[in-house]
Amino acid sequence: MKRTHFIISAAAALIATTGFAPKRYAVTHSDAEWRRILGPDRFAILRENGTEPANSSPLIGEHRQGTYSCYGCNQALFSSRVKYDSGDGWPSFWTVLPHAVDYQSDHELIGEVRTEVHCSRCGGHLGHRFDDGPRPTGWRYCIDGLSLRFVPGHAA
Ligand SMILES: [Zn+2]
């Protein structure tokens, strides 16, 4: 492979894997519309990458069967079957429904790179994924309860 071709394909791969290029989401709204739909607290988390206070979400203690969907666009994200009590202060899951989320690197904390989790349908920021979760995946999806809507009943 010629060097220029390699550089171009390397750049394309970087864009594909890091989300450098802005993605076109299936659900989009203006900031004003999102504010109206979500209200200020959910807007801060889903649209401004905020984090709710630890131990503030009623969903931490939610143990019924059901499905956790994106508050912004209703896409199903997590099954109650993969929810667990991590003790970290946020609703926690050890995996996610197929194709439900995208990942981005978060450099907000100096010296630490965290993996941000975003809804793949509207781009809403949901929380972070860490690698200290339980078997079989070893993942801990640390998710802001305000970004979720719990639908009791069928566990996706
Ligand atoms: Zn969404």
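Rule-based calculations on the coordinates, nothing more; no lab input. In this text, all values refer to a predicted model and were calculated from it rather than measured experimentally. Counting neighbours? That spans all protein chains shown, and the Cβs are built from the backbone with ideal geometry, glycine included.
In a fully extended conformation the segment linking residue 56 and residue 23 would gain 8.8 nm over its present Cα-Cα distance, using 0.36 nm per residue. Note on region 23-152: Kirkwood hydrodynamic radius from all Cα pairs is 14.7 Å, rounded to one decimal.
Highest GNM mean-square fluctuation among 143, 45, 110, for the chain modelled with Cα contacts below 10 Å: 110. Helix 31-46 and the longest principal axis of the C-alpha atoms of the chain enclose an angle of approximately 80°. Given R₀ = 35 Å, what would the calculated FRET efficiency be for residue 32 paired with residue 155, taking r from the Cβ atoms and rounding to 0.05? Taking R0 as 35 Å, the efficiency between residue 32 and residue 155 is 0.50. Taking the number of Cβ atoms within 10 Å of each Cβ as an exposure proxy, the fewest-first ranking of 132, 102 is 132, 102.
For a paramagnetic label modelled on residue 41 (point 7 Å from Cα along Cα→Cβ), amide N atoms under 12 Å away belong, within region 57-83, to 57-59. Shown for the chain: cysteine residues without a partner Cβ closer than 4.7 Å, namely 142. Largest GNM mean-square fluctuation across 44, 54, 100, computed for the chain with C-alpha springs under 10 Å, falls on 54. Other residues within the sphere of radius under 13 Å centred on the Cβ of residue 67, judged by their own Cβ, net out at +3 (K and R +1, D and E -1).
Given the options 127, 39, 72, which has the most mean-square fluctuation in a GNM of the chain, springs set between C-alpha atoms less than 10 angstrom apart? Ranking 127, 39, 72 by mean-square fluctuation puts 39 first.
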